[in-house]
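Report on the following structure.
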Amino acid sequence: MRSKLTGVVTGVLAAVGSTTFAWAAEGGAKAGIDTTYFWVTVLTAGFGMAIASAVAALAQARAISAALEGMARQPNAAGRIQTAMIIGLALIESLAIYVLLIALILLFANPFSAIIVGGP
């Protein structure tokens, strides 16, 4: 189940990401290519952030659940479990922050616009 879902998500992201190059290769008016590039960039950044947020939320829920179960079984180790849980939650949250950073770079810096649409 997990590998099938991973394959579907990867396929959708690859299809959305590759449409930029396909539409840019068609030729035509520069305004049309520029608009298409903008919308594909917005969609890619939006889907990436949505997927990263969902994965981070699921991972955090699972980590908290496991930590609470561990604390319930071993009350003496609650302090160590809580410390490890907080560090783990910070690392999980960094995934969403990194994807947000990449999405903001795609939206505002447009590093590939010179290649695709010949812009600045």
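How far apart, in nm, are two points set 7 Å out from the Cα along the Cα-to-Cβ line at residue 89 and at residue 50?
With each label point 7 Å from Cα toward Cβ, the separation is 2.7 nm.
Can you pull the one-decimal nm distance between simple spin-label points at residue 73 and residue 57, each 7 Å off the Cα toward Cβ?
Output for this residue pair reads 2.8 nm.
No lab work stands behind these numbers, since they all come straight from the coordinates. Every value quoted in this text rests on a predicted model; they were computed, and no experiment measured them. When we count neighbours, we look across all protein chains shown, and the Cβ atoms used for this are built from the backbone with ideal geometry, even at glycine.
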